[in-house]
Each structure stands twice: as structure tokens, then as C-alpha cells.
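The values are calculated or read from the model by the stated rules, or taken from the named source; none is laboratory data. Worth saying up front: this structure is predicted, and the values here are computed from it rather than measured. Cβ coordinates were reconstructed from backbone atoms using ideal geometry, including for glycine residues, and neighbour counts include every protein chain displayed. Protein only, heavy atoms only, side chains kept; ligands, DNA and RNA dropped before computing areas. Shrake-Rupley method; radii C 1.70, N 1.55, O 1.52, S 1.80 Å.
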Amino acid sequence: MIRIDAVWLAVEPLDMRAGTDSALARVVRVFGAAQPHTAYLFANRRANRMKVLVHDGLGIWLAARRLHQGKFVWPQGGVALTHTLSRAQLDALVLGLPWQRLENGGVITLV
């Protein structure tokens, strides 16, 4: 399978008609470069579709995911234009779950 060592999420929406070249151009513009073994995630404005661009060290993979009900939990525009995600957060995001709740590993610090 494809090795992914790092996952980055872009806050700004991407036109889902974008192909591999357009998505790669967006990665370079937003993240500065497409790093090997890194996944870059983009959603549309409604956050019910997501595209994932992965540089596997040799080439580029572009995958799409669409939710038929609901939407992906996507950060809204703010100070940060990008976020880094852990593998557990990526797994939650792809399922449409609130991935931000996994930031601290589920540690309860206040009752």
C-alpha cells in the first residue's frame, strides 16, 4: 500500500473538478512543496466531498471521497490555513467523525 508519514489538511476549499495537476499546484501554493510520503487533504465548500493528494516518492495519487449524508468535520477559515493530522485523526476525518477531539489522545484533564 501507499506509505503515508505525514498528513496535512488545507482549510480553504478546493473545486472538486480539479484534477491531479490542479490539486498538485494547490499543494505547492499552500504548503510550499509536495513532500514524499505525505498526504494533503482538501474539501469542497459544503465539506461533503474530500480530495486527498499523496506523493508516494515516485508519483502522485489523487483520491476522492464523498459523503452521501452529513459532512466532514472541517475547520473554518481562521488564523491557520493548514493543520497537521495524526493517523488516528485522519481515520476519524475520513469517517466524518470529529477528529479535533483526538488531539490530546483522549486524555481527560477536567471533570
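For the range 54-69, filtered to residues that are open to solvent by 60 Å² or more (accessible area, probe 1.4 Å) and assigned to a loop (DSSP other than H, G, I, E, B), the residue that is nearest to Leu24 (Cα to Cα) is Leu58.
Check whether at least one residue in the range 29-41 is under 23 Å from Arg101 (Cβ atoms), open to solvent by less than 30 Å² (accessible area, probe 1.4 Å), not hydroxyl-bearing (Ser, Thr, Tyr) and not in a helix (DSSP H, G or I), and report yes or no.
yes
Filtering the range 70-85 to residues that are in a strand (DSSP E or B) and either open to solvent by 50 Å² or more (accessible area, probe 1.4 Å) or polar (S, T, N, Q) (or both) leaves Thr82, His83, Thr84.
Within the range 91-111, being open to solvent by 70 Å² or more (accessible area, probe 1.4 Å), modelled with pLDDT of 85 or more and in a loop (DSSP other than H, G, I, E, B) holds for Leu95, Leu97. Only a single item in (1) of a type in the set (A, V, I, L, M); (2) more than 12 Å from the chain's Cα centre (by Cα); (3) part of a loop (DSSP other than H, G, I, E, B); (4) modelled with pLDDT of 80 or more is not met by Ala88, and it is number (3). Yes or no: Thr38 farther than 17 Å from Leu14 by Cα, within 11 Å of the chain's Cα centre (by Cα) and at pLDDT 95 or above? Considered against the rule, which asks whether it is farther than 17 Å from Leu14 by Cα, within 11 Å of the chain's Cα centre (by Cα) and at pLDDT 95 or above, Thr38 comes out as yes.
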